[in-house]
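To keep things clear, I will list the structure first and then write my remarks on it.
The values are calculated or read from the model by the stated rules, or taken from the named source; none is laboratory data. What you are looking at is a predicted structure, and each value in this text was computed from that prediction instead of being measured. FYI the Cβ positions are ideal-geometry reconstructions off the backbone, even for glycines, and counts take in every protein chain you see. For the accessible areas, the whole protein counts, side chains as well, though only heavy atoms, and no ligand, DNA or RNA atoms are used. Shrake-Rupley method; radii C 1.70, N 1.55, O 1.52, S 1.80 Å.
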Amino acid sequence: GMAADLKNNRLFVACRGINELAILDSRSGKIIASLPISEKVDGVYFDERNKYIFCSGGDGFVTIIVQKSKNDYAVLQKLSTRIGAKTMALDKGTHNLYLTTADFEKDKIKPNSFALYIYAQKGSF
C-alpha cells in the first residue's frame, strides 16, 4: 500500500514482510522515517485533515500513525479490528474508516459471512 501527503511532498510506503512504513521525501527519494506497522499490510491512507496515516493489516490491527510535522511521525495506536480485515477505505468527508472481511474455509468465502466494520474518528480512535 502507498499514500501521499502532496502538501509536504511525503510518500507513505507500507513494506510487507518487514512490517514497516517507510516515509520518503517524494522529491529526493530520501527516507525520512520508518515505523513499525501491522502484519500482512494491505491498505494505506493519509487523512490530511487529522494528519493520520492508517495501515491496515490482515493480522487484526490497523496501525495509526500521527504526522506531528512533515519530518516527525509517531505510532499513535494499534486499532484492534478482526483478523483478515485488511481491505480498507477512508471517507474524506466524515473521516470514518471502513474495513471489510469474511469467514473463510479452505480458501473459499463462507456464504453470508461478509462483514463491514466502521470506525468513526472522534479525536482519536
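Tell me yes or no: at least one residue of the range 101-123 is farther than 30 Å from Val66 by Cα, open to solvent by less than 100 Å² (accessible area, probe 1.4 Å), over 13 Å from the mean Cα position of the chain (by Cα) and not acidic (Asp, Glu). Looking through the range 101-123, at least one residue is farther than 30 Å from Val66 by Cα, open to solvent by less than 100 Å² (accessible area, probe 1.4 Å), over 13 Å from the mean Cα position of the chain (by Cα) and not acidic (Asp, Glu). Of all residues in the range 87-114, those that are without any contact (Cβ under 8 Å) to a residue 24 or more places away in the chain and part of a loop (DSSP other than H, G, I, E, B) have Cβ atoms under 9 Å from Cβ atoms of residues that are open to solvent by 100 Å² or more (accessible area, probe 1.4 Å) and of a type in the set (Phe, Trp, Tyr), 6 or more apart or on another chain, in Ala102/Phe114; Asp103/Phe114; Lys110/Phe104; Ser113/Phe104. So, Asp5, is that one charged (D, E, K, R), under 23 Å from Thr100 (Cβ atoms) and open to solvent by less than 60 Å² (accessible area, probe 1.4 Å) or not? Criteria not met by Asp5. Among residues of the range 24-46 being in a strand (DSSP E or B) and either of a type in the set (Ser, Thr, Tyr) or at pLDDT below 95 (or both), the one that is surrounded by the most Cβ atoms within 10 Å (Cβ to Cβ) is Val41.
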